[in-house]
1. Full extension from residue A:58 to residue A:123: what is 0.36 nm times the residue separation minus their Cα-Cα distance, to one decimal in nm?
2. Assuming R0 = 41 Å, what is the FRET efficiency of residue B:13 and residue B:225, from their Cβ-Cβ distance, to the nearest 0.05?
3. Can you return the aspartates and glutamates within cross-link range of residue B:201? Criterion is Cα-Cα under 20 Å, with same-chain partners fewer than 8 residues away left out.
4. How much FRET efficiency would the formula 1/(1 + (r/R0)^6) give for residue B:173 and residue B:21, where r is the Cβ-Cβ distance and R0 is 25 Å, rounded to 0.05?
5. Helix-only mean residue ellipticity at 222 nm, the protein assembly as shown, DSSP H runs n ≥ 4 weighted -39,500 (n - 2.57), per residue, nearest 500. What is it?
6. Any chance you could run the full-extension gain for residue B:1 through residue B:138? It's 0.36 nm times the residue separation minus the Cα-Cα distance, nm to one decimal.
7. Distance between the C-alpha centers of the range A:1-53 and the range B:155-210? Whole Å please.
8. Taking the Cα centre of the protein assembly as shown as the origin, how large is its charge dipole in debye, to the nearest 20, when only Lys and Arg (+1) and Asp and Glu (-1) carry charge on their Cβ atoms?
Amino acid sequence: MIDPIFIAEAAVNGILLGGILALLALGLNLIFGVIDIVWIAYVDLVMLCMYAMYFLVQVYGWPVWAAGLVSLLLGALLGIGVHLLIITPILGSPPVNQLLATGGLLFFIQSFATFLWTTDHKTVRLSLPSYEVAGIFLPAGRIIPFAISIVAMVALYLFLTRTYMGTAIRAVSQDRDAMRLMGANPQRVYIVTSAVGGLMAGLAGALLIFQYSVHPFFGGQFGPLTFMICVLGGLGNMVGAFVASFIMSEIISVSGVLWSTEMGYVIAFVVFIVMIFARPGGIMAKRQ
Amino acid sequence: MSMLELRKVTAGYGHFTALWDVDLTVAPGEAVAVVGPNGAGKTTLMRVISGLIAPRAGDLVFEGATLAGRPAHEIVAHGIAHVPEGRRLFPALTVADNLKMGAYLPAARARYAESLERVFTLFPVLAERRSQRAGSMSGGEQQMLALGRALMSRPKIILLDEPSMGLAPVMVLRLFDLIRRVREEGYTILVVEQNVRQVLKLVDRAYLLEVGRIKLEGRASDLAEHDFIRKAYVGL
């Protein structure tokens, strides 16, 4: 019999993991909701930002906050670059071509990273304290990233609901031509959306590097999971993606303690498949 | 001196030509209607003026500046607001956010509060519904919001494409009253309508568009008495 305190601890860890997953899912889902293209290579951009963090902090000894800012900036630039170089030319083409193009980008980034940095796992370790609350072990190295993720998501929410540009981003996703009639250049709105999506990837990279080692195939670890969360929450549905992140992270974390981490992923995927049959529009979709 | 002038405009989609050599002028302060049957090219005409499609040939001049081929988002900045067919609101945004998007351009943004007050005075129901989602309102209220959203950009001319479409007859009459009030505020209006009898009471001049060509042009009161129009469109 497993001590209930371990399950409680797993549940807390699930919440802490869910924060970062939500960051990834919201970034991917924002881009999909507005531009209507799934960036298959989204988590591979996160991987590039993690390498930036590794080199700046571990190799060149930069302070973490300065490296983090560089990672944010790199993420935003990568987002803009992907939009201008890869997405813009294929905006009007059939969805399968769009999947092939962003999928091709994934292989390009993975191979390029292998070429430059080999397949070695690179790690950044910070010595941060841990706290014990009611018998549950809480490492600061997980609480701080979680808190930063939540702050970032609140900032994203305020940006999307309170500013002209944020509202325009939501409006373009509903009616592109009508937004042109309001005087907005859709391409400009897309570039800002891609930059914000990239910013989220840069932040996720800056936070993940302290918990996971980076290697060229890091995208395979979190990419499918992120995509699954977006589908579960309803593609383009930000609230749905947020909720689905925590559902998935709890399943993985709790069943990881009950059985094994591998089993946790198996159960998460089974839940996902069942949910797709039960609620194809995502958990937040209205019932037919 | 005309405010808006189309000279020999030809336009279409792909291999299909929807407008042939259309000449049309609107003077400042004037209200002008374009009437005609379904598929005559009325919506295409509006889309050419607002820049959603580029004309193939001909010229589009607004206050002395050539706008033919300019993208839609630049044309709005010149003071042309287009209320498209079917209203095209942002259904999941609130009424307030839809109005905010109407004032997206920097010049309009600077006068947002003042514009909002004017729109709320003209359409008090929008003030009551400001935090409701646009998609959840009735057809008439949605048309008011579409008009209000266009006014938020501080336009010089408003293009109205089938404003009465999909509205109950009693609402159509109310809507035409509201458009009349917008007109009295000094806005220049170019309206496309199938509801010919109503629209001819509203405007100064009208054009009859058929199969992409201007067939008749004249004062609204004369056209209303014109045998051809009476038989074909007014149903008298």
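Taken together, the values in this text are just the output of simple stated rules run on the coordinates, not laboratory data. Values in this document were obtained by computation on a predicted structure and should not be read as measured data. Note that each Cβ is placed from the backbone with ideal geometry, even for glycine, and that neighbours are counted across all protein chains shown.
1. Length difference between fully extended and current span is 22.6 nm.
2. So the FRET efficiency works out to roughly 0.70.
3. Straight-distance partners of residue B:201: B:30, B:161, B:162, B:177, B:184, B:185, B:193, B:217, B:222, B:225, B:227.
4. Here the calculated transfer efficiency is 0.10.
5. -18000 deg cm²/dmol
6. Length gained between residue B:1 and residue B:138: 45.3 nm.
7. Spelled out, the Cα-based centre of one part sits 52 Å from the other.
8. 740 debye
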